[in-house]
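The values are calculated or read from the model by the stated rules, or taken from the named source; none is laboratory data. Keep in mind the model is a prediction, meaning the values are calculated, not measured. Positions of Cβ are generated from backbone atoms using ideal geometry, with glycine treated the same way; all protein chains shown enter the neighbour counts.
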Amino acid sequence: MPDRRERPPVPSVPPVPPVLRITEIGEPILHGPCRPAGEQDFGSPELAQLIDSMFASMYVADGCGLAANQVDVDLRLFVYDCTDDDGVRHTGHLLNPVVEAQTTGRPLIEDTEGCLSVPGASTPALARPARAVVRGFDRHGTPRTIEATGYFARCLQHETDHLDGQLYVDRLSRRDRKDVLRQTADRREKVFAQRTAAADRLKWRGTVDGCDTSCRCRGLEAAP
C-alpha cells in the first residue's frame, strides 16, 4: 500500500549548461586584451550562465582553469578548480583580475605548463613566480583577493595572462615554442575526440562555486 508519510522534496538536479567550444591558438580573440566587466555584467543571469558553462567546458576538457576568451567571449573572467601543492582544492571564478606586482628577488619555480587552447601540448619547465596575489571581483561585483603558492599560483597567473591576450607559448624560446606547436599538430584530433566523449558522459550537479541556485542571477536557468 502507498506510504502516506510526508517526505522532504527530492533535490532537483540542475540542467547541464551548454558546453562551449574552446578556441585555439591563432584565433584573434586569444591574442588581444579582453574587455573589463562592468555594471551591466555583475549580478546578471547571463553572467551566471556563462560561469556555469565555463565550468562544464573546463571539466569536459580536463582542465584546472579556463578564461572567457577561451570560449570565444570577450570578457575579463576566468574560472578555476585547481589543487595546490599541499593537496588543497581551490574552486572559484574571478572577474577583472589583476596580479599584484612582484617585488624584486621573489623566487621563481619551474614546472610543467600546458593550455586547453593549445591541445595536447605542454612544456616541461616554464618559470613563474612561486607566489601570487590576485585581486578582482566575484559575479556580484564583490571584491575578492586570492593568495596562492605553487601550482595554484601558476594557474591564476596563466589565466590572467589569457585575459591580457598572452598564451604561455609567448613566454617560451623560439625552439620550445616550435616544439609545442608540433605537439599540438600531432595530438589535437585525439584530444578533440576525448573531449567529445567526455561531454557525452558529463554528469552535472551544479557548480561548486558561487551562490545558491535560488539567487536572482540564475534567472536564465531552465526548470529541471
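In segment 87-108, the residues that are in contact (Cβ under 8 Å) with a residue 12 or more places away in the chain never reach a residue that is exposed (fewer than 10 other Cβ atoms within 10 Å of the Cβ) and assigned to a strand (DSSP E or B) with C-beta atoms less than 6 angstrom apart, at least six apart or across chains. Name every residue in segment 116-141 that is within 30 Å of residue 39 (Cα to Cα), of a type outside the set (Phe, Trp, Tyr) and either buried (at least 20 other Cβ atoms within 10 Å of the Cβ) or without any contact (Cβ under 8 Å) to a residue 24 or more places away in the chain (or both), in order of residue number. 116, 117, 132, 134, 136, 139, listed by residue number.
Inside segment 142-160, residues that are β-branched (Val, Ile, Thr) and either free of Cβ contacts under 8 Å to residues at least 40 places away in the same chain or farther than 19 Å from residue 77 by Cβ (or both) make up a count of 3.
Hey, can you tell me all the residues within segment 148-171 that are more than 14 Å from the chain's Cα centre (by Cα) and β-branched (Val, Ile, Thr)? Residues satisfying the conditions are 149, 169. Can you tell which of 169, 180, 191, 208 is in contact (Cβ under 8 Å) with a residue 60 or more places away in the chain, of a type in the set (Val, Ile, Thr) and part of a loop (DSSP other than H, G, I, E, B)? Only one candidate qualifies: 208. Criterion applied to 139, 128, 154 was being of a type in the set (Lys, Arg), assigned to a loop (DSSP other than H, G, I, E, B) and farther than 18 Å from residue 19 by Cα, and the one residue passing it is 139. For segment 194-213, does any single residue satisfy the condition of being modelled with pLDDT of 95 or more, surrounded by 13 or more Cβ atoms within 10 Å (Cβ to Cβ) and of a type outside the set (Gly, Ala, Ser)? Yes, segment 194-213 contains a residue that is modelled with pLDDT of 95 or more, surrounded by 13 or more Cβ atoms within 10 Å (Cβ to Cβ) and of a type outside the set (Gly, Ala, Ser). Only a single item in (1) in contact with a helix residue (DSSP H, G or I) (Cβ under 6 Å, 6 or more places away or on another chain); (2) farther than 22 Å from residue 151 by Cα is not met by residue 61, and it is number (2).
Among the residues making up segment 115-126, those that are at pLDDT 90 or above, farther than 30 Å from residue 43 by Cβ and either hydrophobic (A, V, I, L, M, F, W, C) or touching a strand residue (DSSP E or B) at 6+ places or on another chain (Cβ under 9 Å) (or both) are 115, 118, 120, 121, 122, 123, 124, 126.
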